[in-house]
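Scroll down for the structure; my scribbles are underneath it.
The values are calculated or read from the model by the stated rules, or taken from the named source; none is laboratory data. Quick caveat, the model's predicted, so the values are computed rather than measured. Reconstructed Cβ throughout: ideal geometry from the backbone, glycine too, with neighbour counts over all protein chains shown.
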């Protein structure tokens, strides 16, 4: 069964794995993006004061684990899935209500006493049941904290749209009324409601299906218990037998006459038994499991890859031009460095000029007294008068007055000194800015490197998923014995520049147009080949042996099973037994060991068997190569 999953990504991945193990093909199309919220300041005190925590979803358990390290607090969970999630996160005292919000409230009333303290409800922004209102009549105080938010997507995801447009869905699952309401709105906006007439809706409860009651589903099925396991069981039953009951293929809606009071969808009765669909699932189980991995990752493939998968293009379209972060970073660094160097040079020049001016002023101030003394006539006159006074008998106690200082020069020196100090401070701040810019450039470089590495891993994973999907389609064609040229053509663009993949494609090319014989065809043709080979083998024997050979040919008398010995008849019997067991290689080995006189009878069959084995070997190499690619993407 091809099952559409519209849950948030984490729950969708878990459900897809469970479906793949049961032989179904999941198509993941999350309608919500889950975001954990930072708990408010009063959350820790409320958690410490409460007697138990109420959880209405598995996401609530994860949000509680993110918000607190406590794992010993009593937990009351709405269902088994929520309880299992909480236990897996380390909570030791978990009890499941195995139902809905009403069942959880009833469990709290039975197990807890209002006098022992308040209850704490961890939830998202929207809740299906108001536990505070349900438990208030019993005397309980319920403190609700919103620790996560499931944000809706704006449009129907590409994977869901493509599957609906191709009518490649059998089942769509609903686990909450909100999911059903959002799905209904998106499908109606996309104009794809008519494509649901061949799809069966499977819901965890009647309430979860109610908002989608107006969609023209082929049939609606409600799980017997509100748990994920019950939903999986219902999908298995749909795969085992055609749906009986409320299925309709008309153009009319399944909505009730009174839209204001729609009755809940009733569970339908399905017939058990091994049907054609089950037999087909068993036959191609291996191919479906591999294909499931490709379909799970389909929403994350690049657009050219999705076009190749859907067969809308024979070759990949040129990649969309984007921003080269390396070039941007290099240009920004170059411009910043040039600006810093220019500023540094300008400041250095100004500083040198100021220092020169300061030295010049200092030298001028020092030279002025000497120059004045050597060239001023009054100074010479004063000298003579001083000498005359010194020659007098009476000593003079007065000392000569020193030359007045140059006040203007000192003021200019002080101003220049302050300006130099300011420039040095500015230069120091510039150095700090340059160091900060270097740190930012390094952080940007690291971010670019991490993003490039992540993008490379994502592209490798997408490439591996495409190879896995094409390998599954090739396996189906080889097992069915039909040509597989279209599938091989889709693989050609991926082989460009890849020697290993190109080698595999080249090995498969000779068989693409005509296909190879299937295992069933080889098994069906072998009795006639064995009969002819046995007749050729006894043609050169004695008259009695030839007579016995003719009699065997007339009545188709030939031993089968694990016949011992090295005779032609024994080898043919063992070869036929190997074919029945699916071991074509062993059968070919036994046929090739027959005497030369049997070649005429076995040559054509051996050619077909060798072609089948060669195609299978190439397919095994392709699957192994895809697994290696997935390992490299981790």
Given the conditions (1) within 30 Å of residue 53 (Cβ to Cβ); (2) out of contact with any helix residue (DSSP H, G or I) (no Cβ under 6 Å at 6 or more places or on another chain), which single one is not true for residue 152? (2)
Could you figure out which of (1) within 29 Å of residue 601 (Cβ to Cβ); (2) surrounded by fewer than 15 Cβ atoms within 10 Å (Cβ to Cβ) isn't true of residue 506? (1)
For segment 183-218, what are the residues that are under 18 Å from residue 168 (Cβ atoms) and touching a strand residue (DSSP E or B) at 6+ places or on another chain (Cβ under 8 Å)? 183, 196, 199, 200, 201, 202, 215, 217, 218
Among 496, 513, which is the only one that is surrounded by fewer than 17 Cβ atoms within 10 Å (Cβ to Cβ) and modelled with pLDDT of 85 or more? 513
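Please pick out the residue among 12, 17, 58 that is closer than 30 Å to residue 187 by Cα, within 21 Å of the chain's Cα centre (by Cα) and in the same structural domain as residue 147 (by TED's automatic domain parsing).
Working: 12 fails: in the same structural domain as residue 147 (by TED's automatic domain parsing); 17 fails: in the same structural domain as residue 147 (by TED's automatic domain parsing).
Among 12, 17, 58, only 58 is closer than 30 Å to residue 187 by Cα, within 21 Å of the chain's Cα centre (by Cα) and in the same structural domain as residue 147 (by TED's automatic domain parsing).
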Among (1) in contact with a helix residue (DSSP H, G or I) (Cβ under 7 Å, 6 or more places away or on another chain); (2) under 23 Å from residue 66 (Cβ atoms), residue 181 falls short only on (2)
How many residues of segment 112-142 are surrounded by 17 or more Cβ atoms within 10 Å (Cβ to Cβ) and touching a strand residue (DSSP E or B) at 6+ places or on another chain (Cβ under 9 Å)? The answer is 14
Against the definition (under 23 Å from residue 224 (Cα atoms), part of a loop (DSSP other than H, G, I, E, B) and over 29 Å from the mean Cα position of the chain (by Cα)), how does residue 72 come out, yes or no? no
Could you tell me whether any residue of segment 33-49 is crowded, with 20+ Cβ neighbours inside 10 Å, in contact with a strand residue (DSSP E or B) (Cβ under 7 Å, 6 or more places away or on another chain) and touching a residue at least 12 places away in the same chain (Cβ under 8 Å)? no
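Looking only at segment 474-489, how many residues end up being at negative phi and surrounded by fewer than 20 Cβ atoms within 10 Å (Cβ to Cβ)?
So in segment 474-489, the residues at negative phi come out as 474-480, 482-489.
When the remaining residues are screened for being surrounded by fewer than 20 Cβ atoms within 10 Å (Cβ to Cβ), the result is 476, 479-480, 482-483, 485-486, 489.
Residues in segment 474-489 being at negative phi and surrounded by fewer than 20 Cβ atoms within 10 Å (Cβ to Cβ): 8 in total.
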